[in-house]
Structures are given as C-alpha cells and as structure tokens.
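Some notes on the structure that comes next.
The values are calculated or read from the model by the stated rules, or taken from the named source; none is laboratory data. This is a predicted model, so every value here is computed, not measured. We place every Cβ from the backbone using ideal geometry, glycine too, and count neighbours over all the protein chains shown. Surface accessibility is based on the protein's heavy atoms, side chains included, excluding ligands, DNA and RNA. Shrake-Rupley method; radii C 1.70, N 1.55, O 1.52, S 1.80 Å.
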Amino acid sequence: MTETAKPDIQARYRQISLVDRIRTHPAGPVAVVFVVMLVLCTLYALANPTSFYFLTKGNTSLVLRAIPNFGIVALGVGLLMIAGEFDLSVGSVYVAAPFGMAFAYANGVPLAWAILFAYSIAICVGLVNAFLTLKFNIPSFIVTLGMLFIVRTSAPYLAGHTRSLVIKLPPDFKAALTKNLWGFMPAQFLWFIGLAIVAYLILNRHFLGNHFYAAGGDKRAARFAGINVAWTKTIAFVLCAMFATTSGILQVARSSKAETNPQLFIELFAVAVCVMGGLSLFGGRGAVIGIVLGAAVLQLIQDVIILARLPGFYLDMFVGIAIVLGVVMNAAVQKRY
C-alpha cells in the first residue's frame, strides 16, 4: 500500500458517522442499552431517593459483586462462541471443579495444589468436550449437554456422596478474592475486569484470537490459511472451562461453602450475556467489551426487578427476549454486511 493511500483510508474512516460505527460494532447495541438504562435508573433514583435505592453505596456494591458471577463464565463461553462452538457444561464445571478444590483442601492438601486440582478438572472436561465434538463431528451443544449431567452427578459420588462442604480458607487468600475496596468496590469485580483484559488480549493482541475468529467464521477458509482448526477449538474449550472454574472459586471464597448442586441456568445466562453483547451464535463475531456490558445489563435488570419488588420470573422473561432479539439483530447485521 502506498503512503498516499493510507491517509485516504483514514479520511474515509473518519467520515463514517458515529451512529454507523455504533450500529456496526458488535457491542454497539448493548452499549446503547447500558447507557440508556443507567441514565434512566439514575434519574428515577434522584426523583425517588426514599423508595428506589439505586444510587446507594450498598446497592452499588451488591451490583458490582454480582456482575462477575455470570460475567466471568460468559467470558469463557464468549471465547468459545467466537470459535464457533458452545459449552453447556460450564454450569457443572462452575461447581464441580471448585468443589474438588474444597474437598482436597479439607483433606489436608495445600491450597495451591488444591487450586491446581480444580483447574486440572476443568482442563480434563474441556479436553473431553473438544475430543468428542471434533473427533466424531458431533454438535458441541449435544456433547456438552451430556457432559453437564455427567459432571454434575459424578462430583458427589467421587467425594463419597458429599454434596456440601463448609471450608475455612486462609484469611489472606479470602481477602484477596472478596475484600471490599474503597468501601464499595468488591475485589471480585476487579478480578472480573482483569480477566476481561486477559480475554481482550487473547482476542485482539495474540494470533490465537485471529484463529478463534477464523475458525468460527469459516473453518474451511481457516484450514486453507494454514490454521489448525481442531487445535484452536480445543484451546477455546479448555479456556471456557477454566473461566468457569475461576468464577466458581470466587464464589466459594465469598461464601466459604462448596456445593455440587449447580447454580440454576448459569450456562444459559452466560450464553444470554454473550448474545446481548453482540456475539454471533454462528461464530466468528464478537468483542470482549460486549460481554462485559452484557453482564452489566443483565445485572442492572435484576437489580431493578429487586428494587421495584417485581416478580423474579421477569428476569427469565427478559433473558428469553434478549436471546431472541440478539439472534435476530446478529442475523440482520450479518446479512447486511
């Protein structure tokens, strides 16, 4: 490309309106929704400070503490979705791997080794999911749905039918994962932001990210480009399970309790966060900022439902509507561009 051509391209890019940039960016719609919701909630809270406690320090801390619960899982699910696959077993990995850590630690294993044990469980689940999906050409939706039930039922059996453990983690370790900073900022949220930065660097500053997009967008073209699609998707499966394990460890550190009963629908909420964040269900499209904003929007909706004393099923209804609308919007954008 000549030196004179570069300024022409830059000038043309600057001529694109802000509205067009927002509309075409994967995270554009969810960014608009997030800003509008935040402004409306703030205005309503200022007008009704005695009945709508949205702006209080306690409510802010609760919202920031809750966002990583789905958000960290969604980061892993999002990386895998960009690579063109799904993992519905994250709900079981979320509880089973941290339960393995707690079980090992309660039986005298040093904490560092117990944490490595938890991640080894996640890696094994990710490898099995990848092997069955790619070796036998089975849809990952089916494979991971089966793995969800396998992992869920095997964890208490292997632990001697123990379904719940109360553990006392070292105070320094617990504080590093759960302590409130500046009076309102939970450490979990900072971990979430840190992991989001890691996911961003993988997608945007590492060749692996290009491979994820290529494998999810058109795996035949990716193979022609010299990309090992099977290896790329295997890494995505493993990363997905590891992100779910990290979220589960944070939850165990916060509650000092590990359970084998999976949190209801966490895998579906993670998919909903990704879809709201602009990730394509067909793979090859999405951005980390969209996942972060999708998790924030989901938690804002739940917070409004609680503050307004609305029935809890409103959240499930919103998630269902968000998934359908997200798919429709993604399909419309792909068709146009």
Where in the chain are the helices, taken as whole DSSP H runs, whose Cα atoms extend 20 angstrom or more along the long axis and whose Kyte-Doolittle mean reaches at least 1.0? 28-47, 57-82, 90-106, 111-135, 140-158, 187-204, 229-255, 288-307, 313-336
In the stretch 171-260, taking the dipole from +1 charges on Lys and Arg beta carbons and -1 charges on Asp and Glu beta carbons about the Cα centre, the listed residue (M242, A176, A214) farthest towards the positive end is A214
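Give the relative contact order (percent, whole number) for the chain; include only Cα pairs under 8 Å separated by 6+ residues.
On the way: 495 pairs, mean separation 108.1, N = 337.
RCO, the chain: 32 percent.
Please get the size of the charge dipole for the stretch 130-228, origin at its Cα centre, with Cβ charges of +1 on Lys and Arg and -1 on Asp and Glu, quoted in debye to the nearest 20. Walk me through the numbers before you get to the answer.
On the way: 10 positive and 2 negative charges, 29 e Å.
That gives a dipole near 140 debye.
Just in the stretch 115-216: which trypsin sites (Lys or Arg not before Pro) are loop by DSSP and have at most 11 other Cβ atoms within 10 Å? Could the numbers behind the result be given before it?
Values: sites: K135, R152, R163, K168, K174, K179, R205; in loops: R163, K168, K179, R205.
Filter output for the stretch 115-216: K168, R205.
Could you please put H206, H211 in sequence from largest to smallest accessible area, using a 1.4 Å probe?
H206, H211
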Taking the Cα-to-Cβ direction at I306 and at N48 and moving 7 Å from each Cα, how far apart do the two end points lie in nm? 1.8
Let me know the charge dipole size of the stretch 172-311 about its Cα centre in debye, to the nearest 20, where only the beta-carbon of Lys, Arg (+1) and Asp, Glu (-1) is charged. 220
Per the 1.4 Å probe, what fraction of the accessible area of the chain, in percent, lies on carbon and sulfur atoms? 69
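Is there a quick way to get the dipole size of the chain? I mean about its Cα centre, with the Cβ of Lys and Arg at +1 and of Asp and Glu at -1; what is the value in debye to the nearest 20? Could the numbers behind the result be given before it?
Working: 24 positive and 11 negative charges, 46 e Å.
It comes to approximately 220 debye.
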Work out how far the C-alpha atoms of the chain reach from end to end along every principal axis, then list the three figures in whole Å, largest first. 68, 59, 37
Spatially close lysines, pair count over the chain: Cα under 24 Å, gap of eight or more or interchain: 10
Charge dipole of the stretch 200-286 built from unit charges on the beta carbon (Lys, Arg +1; Asp, Glu -1), centred at mean Cα; most positive-end Cα among Y200, M276, A253 is Y200
Highest-fluctuation residue, L281, L201, L88 considered, GNM on the chain with Cα pairs under 10 Å: L201
For the chain: accessible area per residue (Å², 1.4 Å): 50
Listed by chain and number, the residues whose amide H is under 5 Å from that of K257, excluding neighbours fewer than 5 places away on the same chain and using placed H, are I167
